Structures are given as C-alpha cells and as structure tokens.
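Working notes, structure below.
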Amino acid sequence: MGHGEYQKHEAKIFTPSFIVLLVLTLIGFCLVALRFIKGIGAVSNMSDGYPWGIWITYDVATGTAIACGGYAMAILVYIRNRMHYHPMIRSAILTSMFGYGLAGFSVMVDVGRPWNAYNFFIPSQWQANSAMFEVALCVMAYTTVLAIEFLPAILTTLENTKWEMAQAIIAWLSPRIAPDKEALQHKLDFVRAGATWLKPRLDKVLIFIIVLGITLPTMHQSSLGSLLLIASTKLHPLWHTGFLPLLFLINCMYIGYSIAILESVISCYAFKRPFETKELSGLARIIPWLTVIWLSVVIGDLAWRGQLAKALSFDFYSRFFLLEFCLIAAGSFLLFSSRRRESIRWLFVSAALIVVGGALYRFNVYLIGFNPGKGWRYFPALAELMITVGIVAFEILGYQVIVKILPVLPRLHTRQQIDAAAETAQKA
C-alpha cells in the first residue's frame, strides 16, 4: 500500500462551522488561562472528596477510549492483515492523535501543582509500581507514536507542494519588507529535499512504530481500569470488580471500531463524499462479537459476586447500570443483522448507541458510581464543562482543517466513486 491511496479534501477552510468551533475553542482556552492564573478552584467544583472530575472522567478515561479508532484499525490491518481497510487508517490515526494529545493536556489542567510536572522526566522520581504512572507514561509515548505514524502525510505534502501559499506571502511582502526571494526559495527547496530523503527511510521502520502503537494502548487502557481496583469501598459493587482491566480493554476496542464508523459516516456526509458502505459493513461485523464478550463478562461477574439483585433494584445506580447495558446491547443486536450492516443509517445509529453506552460505562466507573463518603458532592461547574467543550471543539476543528491541507481521506479512484460523491453533494 502506498501514499497515493490518500488525498486531501479540496474545500474552503473558513466555513461557518469553522467559526463556531473556533469560538468554542477560544472560550475553552480562555478558561484554561483563568485556571492557571487564579487556581483550579476558580473554574472547578472539585474537592478533596472528588479530586478528579469531568476533565479526567471524560478527557482522559473516556476520551482516550473514543480516540482508540487508530488502535482498533491498526489491529485489524496489521495483525489480522485486512489491508483493504488500509485507506481508512490515516483518518483514524489523526483522530487518535488529537484525542490522546488533548487527554495529556487535560491532565496538566487538572493537576493541582502543574509546576511540578518536570519530575515526570526525572527517572529517580518515578514510581514504577503505580498504575497512574504507567498510564501517564503510555499516553505520552503513544501520542508520540501517533505523531510519527501520521508523519508520512506531512512528508508527502512537503515533497509534492508547490509552495503556492508561501509564494503568495512572498509576493505580498516583497514591496514592503523586500525579503531575499532566492534565499527563501532555497530554504523551501531544502525542506522539500529533506522530506524526499526522510520518507522512504521512515517507511522502512514504520512497522516497528506500528507494533509499538498497538502495544501501548493495550497496556494503558487496561491500567485505566486498574486505577479503580483500590477503590473497593468507594466504587459501587455494580462496577467494582477484579475484571476492570479486562473490561476496559475490550471496551476501548468496540468503542474504537464504532467511532471509526461514526467518523467515516459523518466526514463523508459533511465533505459530500460517497459512503464507504462495504468497509464499514466489515467493521460492523466485528463489533457485536466484542460486545457479546464484554456483556458476558459483566453478567457472569455480577452473578459470581451475587450482585444481580442490585443490578435490577432500579435505584439510582441500577438505572445508570441498566442504561449503559441496554445501549450497548441494543447497538450490538442491530449489527447482527446483515441487512442493517448494509444500511448507512443503521450503521450510524448502532455505532452511536455503542459509543454512548461504552462512554457511559466509563463515566459510571470514574464518576457516577464513585462515592467518597457522606458529605461529599460533585457536579461540574459551567467553566469545567466549557473547558471540555472547548477541547472537543478543538479536536473537531483540527480534524476539519488538517484533512483539507494534508492527504488523509481515502482517495476517490473510480468514476463511479466520483459520481457517487456528486450525488451525495446534490442530496445534501
């Protein structure tokens, strides 16, 4: 498979959706600045009883699972050797890179003493027995791996670009600042030559980077479950189990495949491209078997621990447990039908149900089912919510811009695909 199987989306960058997302991003980052100026208490309702809130619950515990599309697709393409899915992987990697990078950023916003973060880079300060340390190390390493995996898209663009924007800037500056055009052009040519030199060498070692990229999420996704093992008296019995590491690992996999479906459907609709029905149907065939394994472990564990009665008690915790369970089960049931797997509408609905249910499971474990004791209450402040909204808006904004300037989306090869894209545009 070569780099020619990808293309950038030819469209305007500055659109109404760009403006809306930019405004939400700026609001979120202004509140982040306020957090660092006035302290975490100025924007957060967290306390000693609830030392982590919506930022860790969503941006880290849940956000990294939603960002596992690249991980799930890499297993399918490089482990199961389903290379016909390869054109979809670059888009999944881009989504994962934003998700994991901003998860790391969220941690820096969340910690009470961010000025001590430099200790993480001093081996003598490491606590190798800590699951939290392992999560932090793997998230940072995986973000770096994702950036390297995405680097060929940047190198391909640098290699083939005609520097039209740079030339326009030079022409605009020329009568004002009078830059040395020849020297600047020489530097641009040097960058192009460097990209041409680096790309084939990177291709030779990329498989080792991919193996590392599969290993790291396997480690830290299970460790995200391990973090709550010590909270046996604070986490509700419906969710506290020795199977937490396994459940979190399987959970991230079925969420990863589901988010790959949602991403493809939404981007094809938004960018007026033909839907990748055949490929998405293949992904949808995998998801229900993963969820069946997950649901079986959950039910078997509850039965073994004698907690089935609590699951059906219809109290506050039971309702959230049943909601998570029913969302995942309903989405899985829909995907067992081959007819529904061939329908874009049903693919979207089922994948959305599974993503929402899988995300609710992580919310239940990290926040809703967590009770530090009497007297402690937590509900995220408006500023906390807006920071999270700003981070999500930045992810979508970044994806929207990058696919328009770098070859990320699968290339439309045939006349039939191009005609289908035109038909999609007319319907939209």
statement: SASA check, E279, accessible area w/ 1.4 Å probe, all protein chains in place, rounded to nearest 10 Å², comes out at 60 Å²
task: Determine the shape class of region 239-392: with a ≥ b ≥ c the square roots of the Cα gyration tensor eigenvalues, call it rounded for a/c under 1.5, and otherwise prolate if a/b is greater than b/c, oblate otherwise.
output: oblate
task: Which order do the peptides 8-18, 84-94 take when ranked by the mean count of other beta-carbon atoms within 10 Å per residue, highest first?
output: 84-94, 8-18
- request: Over region 255-404, with every protein chain in place, what whole percent of the accessible area is carbon and sulfur at 1.4 Å, could you tell me?
  value: 71 percent
task: Pick out which of Q127, Q400, Q307 has the largest mean-square fluctuation in a Gaussian network model of the chain, springs linking Cα atoms closer than 10 Å.
output: Q127
Separation in nanometres of the label points that stand 7 Å from Cα toward Cβ, at W197 and F316: 6.4 nm
message: Between region 317-346 and region 39-104, what is the separation of their alpha carbon centroids in Å?
response: 22 Å
- request: First select every other residue whose beta carbon is under 14 angstrom from the beta carbon of L327; then total the charges, Lys and Arg +1, Asp and Glu -1.
  value: +1
field: Label-point separation, Q7 to W304 (7 Å along Cα→Cβ), nm
entry: 5.2 nm
query: Any idea which of P237, I299, Y142 is furthest toward the positive side of the dipole for the chain, if Lys and Arg beta-carbons carry +1 and Asp and Glu beta-carbons -1?
result: I299
query: Just in region 330-406: which trypsin sites (Lys or Arg not before Pro) are loop by DSSP and have at most 12 other Cβ atoms within 10 Å?
result: K374, R377
field: Max mean-square fluctuation residue, GNM over the chain, Cα-Cα springs under 10 Å, options C68, C326, C252
entry: C326
- request: Excluding I54 itself, calculate the net charge of residues whose Cβ lies under 11 Å from the Cβ of I54, where each Lys or Arg counts +1 and each Asp or Glu counts -1.
  value: -3
- line: Taking placed amide H atoms and a strict 5 Å upper bound, the residues 5 or more places from Y6 or on another chain that come that close are R411
field: Candidates I402, I19, I66, ranked by Gaussian network fluctuation over the chain, Cα under 10 Å, top entry
entry: I19
query: Quick one: putting +1 on the C-beta of Lys and Arg, -1 on the C-beta of Asp and Glu, what dipole do you get for the chain around its Cα centre, in Debye to the nearest 20?
result: 440 debye
- line: Going through K8/K278; K8/K272; K12/K199; K272/K404; K199/K404 one by one, the pairs whose alpha carbons sit over 25 Å apart turn out to be K12/K199
message: Taking a ≥ b ≥ c as the square roots of the Cα gyration tensor eigenvalues, with a/c under 1.5 meaning rounded and otherwise prolate when a/b beats b/c, else oblate, which class fits region 328-390?
response: oblate
- prompt: Using the alpha-carbon centroid of each, what span in Å lies between region 187-212 and region 381-410?
  reply: 27 Å
query: Okay, helix-only estimate at 222 nm for the chain: each DSSP H run of n ≥ 4 adds -39500 (n - 2.57), divide by all residues, round to 500 deg cm²/dmol; what do you get?
result: -23000 deg cm²/dmol
task: Obtain the nm distance between the two label points defined at Q125 and K234 by a simple spin-label model: each point lies 7 Å from its Cα along the Cα-to-C-beta direction.
output: 2.3 nm
statement: Given the candidates V77, T157, I54, the one whose Cα lies deepest towards the positive end of the charge dipole of the chain, counting +1 at each Lys or Arg C-beta and -1 at each Asp or Glu C-beta, is V77
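Under the classification rounded if a/c is under 1.5, otherwise prolate if a/b is larger than b/c and oblate if not, where does region 1-119 fall, given a ≥ b ≥ c as square roots of the Cα gyration tensor eigenvalues?
oblate
The values are calculated or read from the model by the stated rules, or taken from the named source; none is laboratory data. All values derive from a computational prediction rather than experimental measurement. Because the Cβ atoms are built from the backbone with ideal geometry, glycine has one as well, and the counts that use them run over all protein chains shown. Surface accessibility is based on the protein's heavy atoms, side chains included, excluding ligands, DNA and RNA. Shrake-Rupley method; radii C 1.70, N 1.55, O 1.52, S 1.80 Å.
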